Each structure stands twice: as structure tokens, then as C-alpha cells.
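Colleague: One structure, pasted below without further comment.
Read-outs throughout are calculated quantities, based only on the coordinates presented, and are distinct from any laboratory measurement. The structure presented is a predicted model; accordingly, all values stated were derived computationally and were not measured. Note that we place each Cβ from the backbone using ideal geometry, even for glycine, and neighbour counts take in every protein chain shown.
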Amino acid sequence: MKIVTSIKVALLIAFVNVSLYAGEGMWLPQLIKSLNEGEMQSMGMKLTAEDIYSVNQGSLKDAIVHFGGFCTGELISGSGLILTNHHCGYSNIQSHSTLEDNYLRDGFWAESFADEKANPGLFVRFIDRIDDVSKEAMMGVNDDMSAKERQSTIDTNLELIKAKYKMDEFQELLIRPFYNGNQYFAFVTTVYNDVRLVGTPPESIGKFGSDTDNWVWPRHTGDFALFRVYASPDNKPANYSEDNIPYTPKHFLPVSLDGVEEGDFTMVFGFPGRTNQYLPSPAVEEIVEKLNPAKISIRENALAIIDKYMRADEEVRLKYASKFARVANYWKKWIGESQGLEKSGAIAKKKKLEQDFQMRTDAKYKNILPEFEKMYAANVDLAFTRDYYGEVTSRNIELLRTVGITDRLVKAFESGGEEGYNGFKARLTPFLEGFYKDYISKIDRDVFVELVGMYADNVDAGYQPMTVKNAKANNEIDELADNIYTNSIFVKKDRAMEIINMPAAKAVEVIKMDPAYQLYKEWSNIYNERVAAPYNINKTKIDSLQRIYMKAQMETFTKKRFWPDANSTMRITYGTVDGYNPRDAVRYQPFTYLDGVVEKYVPGDYEFDVKEKLLELHEKKDYGQYTDKTGKVPVCFLGTNHTTGGNSGSPAIDAYGNLIGLNFDRVWEGTMSDINYDVDICRNIMVDARFILFIIDKYAGATRLIDEMKLVRPKG
């Protein structure tokens, strides 16, 4: 109990003496009352902590959903209408698109509830309540335990905690560690599985600027899409049924027509994925000097190949649009992250903090930082190879990734016989159906040749399969690719499905003889034995030391507020509307306008084309009620809110609790905020709510959707 108590003391200490920069931090909503309410109100917020998070009455948290488990969405009407990002709904939009009805290219707007399109597998998760279960989770834990003993004790405790919660059919209990495993919180959630596509602008709006503008300011992207939650006739969660009706929420967000001005308070509510704000300096050095450069180069080469094919063929572009965007997103993010970490002096800042820590901390913590130095030095080659292997075999060569998943089918047979085989086959079959829908083997073959060559060139020979080493030594990687992509059963859907539908024993026999499978097994066996096993041993030690370091920091810097790193749980971040200075003599204003869309317009260009209807509205200045005080239509704005992946689709909320925008990106210079938030250059990018309304109303004519929203003017 000593661990939990000391951390709570650090958390609840008065923060008037040493405050974080406004904008930094991803805060648990149930702790806003004790930690943040006063500061938020001093920045202009008119709400109370109870308005934001309440268990007993409807509050802002009840309008926020975890969209598909990877993004955020928010309810903006009393009929279950959900707003999220276009890129969050991209794969669902793509799944409904054909060459004849190309919703990616042309957009889609359901004319009635009956026209809204079901999305099998898509869900939204509501948070019912959040409980601090640290005391129960830490029962019996002491500082003398080994990492394994400690985790075993906690795991046993967590099972006992879970047993105390009584869940309804569609409720789930999620227990997550915080502060590197020094605290635990339980999230009681309700999941709705019937989520339908309602409306989406065309890519020329929802993805305007595409990869060129991704992570870049100024931005002019209308990155939004509309879905709807459906429920049973009694408003309960239900699987898809034609009898389901639009969900009636406990709370939904009114939409502000007044927008924001520079300096206005902003709050972003959502499910940020992952941050690592408290890493030691050797970890950051490893990221900047070794890991990011490797991943960037791999994806850069893969993307160049895919882009060549996409630009030459519209059908290819449609098939690969979602995959290309997914790969390109983090490729560009890592570039900006590395540059930002270097420019902001992140490593030097870490080392200065560590010097301060060493001067202040108790003797029992003096060896933490020297131990980190040794551990990261011992693990760097393994970490580098791990990332290289993952990028090549699991993320960018599609055939090897699919074979890797199919290997689980083989293992299911070996451990569970025909019953085990058939059980996993039921899960594998829909995956393969989706995979082959958007797979072109000649593209993947070219990616294979490039990336296998890179692996052979850059990874230590001891971590390479003999097949790859020999092919490289004999200049035969092309021949290796030809053999695999000509003879593998996994290259064509019909052949793959024919094999897996054979009797289990025969299917496994054929799969094991496949050249792609044999390469994958040779590669994965070497990786698992020589890389993953020692890496995981080292990583367990590093993680254990990180937990102690986290605890030590909180005990040492007692006047500092510590926020827990993001872990895909519900968080609040708050800040203000503000521009920034990216470099000498340059000042970025925090707003962009429809005028800027027209300025960037390049006819026929897949990134910067603009539909004729939007050009006509701009020419006629037919803007309706969706302008700011200057008479222009705002498109995007900047804030100092601390966001990351998972915050895509998060609402930007004003001081009164109204929707003012939709979070979708960060600026290039500030993408290092996952590791080092810097108030001077870290900015999140949001679509202005008025631009969203303008597109729905004036461009799409989907007035039925406007009619179900509550439009407000809080500034009078």
C-alpha cells in the first residue's frame, strides 16, 4: 500500500507552485475535480468537473465513444448520430465503394434511415464508469518481489477484482495499468455493435491534401464522416437487426455556430493510443538514431512502389487507397517526430532532468539511470532487428503477413486437431475474403524484392534466414520472388480457399510445402529464437526499471503534477487556440479558410482536386450561416491540446461544452509530443465545426442531418 499512497500524495499535491504548460497532459476524467478543474476554469472554462464526468447523470463522457477500438467519435444528436474522422471511417467507406458507386471519390449521403449502411464488425464503446482499483490490485505486493512475482500477484488480484463485477450481455470490464504499472483503473463499458454509415464527403474534401499535407500546417482538410449507432427497440445494445432503431443517448454535443477565436479555451475528449513521456534519455536516443530511421526507410521504399501503381490505374488506387494511407501515416509521423525531437533538444532536456533527479533522489534510486544506460546499450541491436522484421514481414509484404496469420491455423491443428483447425478457420476465412478483395500480387512482389534486399543489406547476418542470405549473395532475390509469387498457394484467393477448405490434415500438409510458408517459417524461427526471446527478456527488465523510475520521479519531484501516459483509455486534454513559430521569421496563424482550398486547387490532381460544386459555392459566396466574423468559411484551426493517435475523431469542445471542431492531426514540427511535449511547437489540428456543417448543408444538401442537430450560439 505504500506504493499507491505515495503516488496519490504526489498526484493530489497543490499545483499552484509548479504547473505544467497549459496544453500538456492527458488526464483521467474522473480526476479532473481534484487535479484540473481550477486551472481549466481560470483558462475560461464555464463547466464543472461534474458536467464533464458523472456516473449519476448524463455528462460529456456519455457523448464520447471509442470508435472501432482505434479512433474516437462523438454523438451530435439525440438520434445516435456520430461524428468522427473520414480517415477513421475510411476502410468502411471503401468497403461500400465500387467503380460504379465510388463513395471514396464521390461521397455518400443517406437520404433516410433506411439508406444508412451497415458495417459488420464495427462497434462503438461507451464508458459507464471508471474505478480506482489500485489498492486491490496491489494487495500483497512489496518492493522485495521480483518482477515476475510482482506481476503474478497482480494478475491474481485482477482476476479477483474482475469476479466482483457483474456485467450485462453487452458490457465489458477493462482493467488497465497506469504510471507504468504503479496504479490500476477499471473501466466499465457498454458496446454497441450496430453502427451504420450515414454520410461522407468525397476524398477531395475528406482527404484534401492527402499525403502531401498530412501532418502539415496550414491544413485545409474536411476530415469528417458521419455514422449512427443503432439499438434495440428498448434502446439497449444489440447486434445488427432490421428491427433496430437509432440510439437515444444520455448526452450529445450541441454544435456551436460561433466557433473560436485566438486564445479561446479548447478541450479535447477521447481515447489517445500511446505516449512515452517519461522515458530516459538512452531510450530517446535509440528512437532518434536507430529505430525511426530504419522504419522510415523501409516504408519510404514500399510506398514509392505502391504509389507508382496507384497513379497509373484508378482501380489500383481504389484498392490500395486505405492501405497506402495507413502505411504513409506513420512513415511521415516518424520523420516529423525525429526532426522535432532533435530541434526541441529533447535528449538534452531529458539529461538535464536526469541530472536533477540524481541530485535530489534517495540513495535507493541512485543506480536507476546507470542501469538504463547498460540495458539500452545491450538491447539496441535486438530492438533494431525487431523493428526491421516487423516492418518487412508483418506490415509491408502482404503475402508474408497473410502467411504468418495462416501459420496460426497450422498451430491450431497441431495443438487441437481438426476441431482446433476448424475453430480458427472460421476466423481466418473472413480475414482472407477481405484481404484478397484489395490484393494485387504483382505490386506485392515488387515490394518483396525491395524489402528483402533491404533486410539483407541492413540486418546482422546472424538474424537472417539462410534463404535470404543466399539469395542476396547470389544476386537472386528476383528469382526468389518469382518462385514464391508464381508457386505459392497464397497468391490467389481461389487456390488459398480451396486448400484451407480441404480436410484439416491434408490442408496442413499442403500449406507446409508452400514456398512462401517455408520462407516465413525459416525466418520466424530464427527471429523468435535469436531476436524475440532475448529481446523480451531484456525488455521485461527495462519495463520493470521504468516502473521503478516512474515511482521514483513522482516521489522525488513532489510539486509536479504527473499525468499518466496514454494507453487507449478515456482522457481529457485542454489548451487554447494558438498559432506557432515553426522556424525563424515565420509565424503560422491558427486558422485556415475555404479561400485556401481554392488556392491549393490543382485540376485532376488526386491530392488537390476540388469538386465543381464546391468551387461554385465559393465563387457565389453561398456560405449560409457557416462563416466567421470576416464573412469567410473557416476550415481548420490549431490548439495547444496534447493529442496522439487514437484522438483522431475526438471532439474539440468549447468553454460551454459545445462542439467547435473535430481533432484529426498534429503539426509536423510537433509530432514528437508522444515523447516530448513542447508548448512552443506542439499543436493539434481540428476541422472547424462550421466547415463540417457547411459541407453537409450547402455542398451535400443533407439538411435532414442538420435538422437533427442542436445548433447554438453560446457567445450571443
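Colleague: Label ASP155 and ARG129 with points 7 Å out from Cα along Cα→Cβ: what is the distance between them in nm?
Modeller: 2.9 nm
Colleague: Add +1 for every Lys or Arg and -1 for every Asp or Glu among the other residues with Cβ under 11 Å from the Cβ of TYR606, and state the total.
Modeller: Cβ neighbours under 11 Å give a net charge of -3.
Colleague: OK, next. Take the Cα radius of gyration of the range 475-552 and divide it by 2.2 N^0.38 Å, with N its residue count; two decimals is plenty.
Modeller: Working it through for the range 475-552, the quotient is 1.72.
Colleague: Assuming 0.36 nm per residue, please report the length gained on full extension of the stretch LYS621 to LYS715 beyond their Cα-Cα distance.
Modeller: Working: separation 94, 0.36 × 94 = 33.84 nm, distance 2.43 nm.
Once the chain is fully extended between LYS621 and LYS715, it gains 31.4 nm.
Colleague: Then there is this: If r is the Cβ-Cβ distance from ASN235 to VAL55 and R0 is 22 Å, what FRET efficiency results, to the nearest 0.05?
Modeller: My answer for the efficiency is 0.70.
Colleague: While we're on this one: With the crude spin-label approximation of a point 7 Å out along Cα→Cβ, what separation in nm comes out for ASN458 versus MET513?
Modeller: My value for the distance between the label points is 3.7 nm.
Colleague: Let me ask something else. Give the cross-link partners of LYS290 among the aspartates and glutamates, using a straight C-alpha distance below 19 Å as the criterion and excluding same-chain residues fewer than 8 apart.
Modeller: List returned: GLU300, GLU337, GLU342, GLU373, ASP381, ASP387, GLU391, ASP457, ASP460, ASP674.
Colleague: Just order 428-439, 506-517 by mean Cβ neighbour count inside 10 Å, highest at the front, would you?
Modeller: In descending order of packing, they fall as 506-517, 428-439.
Colleague: At 4 °C and 1.567 mPa s, what whole-number value in µm²/s does Stokes-Einstein give for the translational diffusion of the range 281-553, with Rh from the Kirkwood sum over Cα pairs?
Modeller: 62 µm²/s
Colleague: For ARG326 and HIS96, FRET efficiency with R0 = 22 Å and r from the beta-carbon atoms, rounded to 0.05?
Modeller: Working: r = 18 Å, r/R0 = 0.82.
After rounding, the FRET efficiency stands at 0.75.
Colleague: For n ≥ 4 DSSP H runs only, could you compute -39500 (n - 2.57) per run for the chain, divide by its residues and tell me the 222 nm figure to the nearest 500?
Modeller: On the way: 27 runs with 319 residues, N = 716.
Mean residue ellipticity, 222 nm, calculated: -14000 deg cm²/dmol.
Colleague: Just flag the trypsin sites (Lys or Arg not before Pro) in the range 588-682 sitting in loop per DSSP whose Cβ has no more than 11 other Cβ atoms within 10 Å.
Modeller: The qualifying sites are LYS621, LYS629.
Colleague: So if each residue of separation counts as 0.36 nm, and I subtract the Cα-Cα distance between THR540 and ASP595, what length gain in nm does that give?
Modeller: So the chain would gain 14.5 nm between THR540 and ASP595.
Colleague: Extension gain LYS613-GLU314, at 0.36 nm per residue separation less the Cα-Cα distance, in nm?
Modeller: 105.4 nm is the gain from fully extending LYS613 to GLU314.
Colleague: Within 10 Å of each candidate Cβ there may be at most 15 other Cβ atoms; applying that plus a DSSP loop requirement, which trypsin sites (Lys or Arg not before Pro) in the range 134-241 survive? Display every interim value, and only then the final one.
Modeller: On the way: sites: LYS135, LYS148, ARG150, LYS162, LYS164, LYS166, ARG196, LYS207, ARG219, ARG228; in loops: LYS166, LYS207, ARG219.
In loop regions of the range 134-241 (DSSP not H, G, I, E or B), the sparsely surrounded trypsin sites (Lys or Arg not before Pro) are LYS166.
Colleague: Right, here's the next one. Modelled label-to-label distance, ASP707 and ALA348, 7 Å Cα→beta-carbon offset: nm?
Modeller: 6.2 nm
Colleague: Filter LYS425/LYS506; LYS323/LYS512; LYS148/LYS374 down to the pairs with a C-alpha to C-alpha distance above 24 Å, please.
Modeller: LYS323/LYS512
Colleague: Rounded to the nearest 0.05, what FRET efficiency do SER42 and LYS411 give with R0 = 56 Å and r taken as the Cβ-Cβ distance? Could you check?
Modeller: Efficiency, rounded to the nearest 0.05: 0.45.
Colleague: Given H placed 1.01 Å from N in the peptide plane, which residues other than close sequence neighbours of LEU253 have an amide H under 5 Å from its amide H?
Modeller: LEU75, ILE76, SER77
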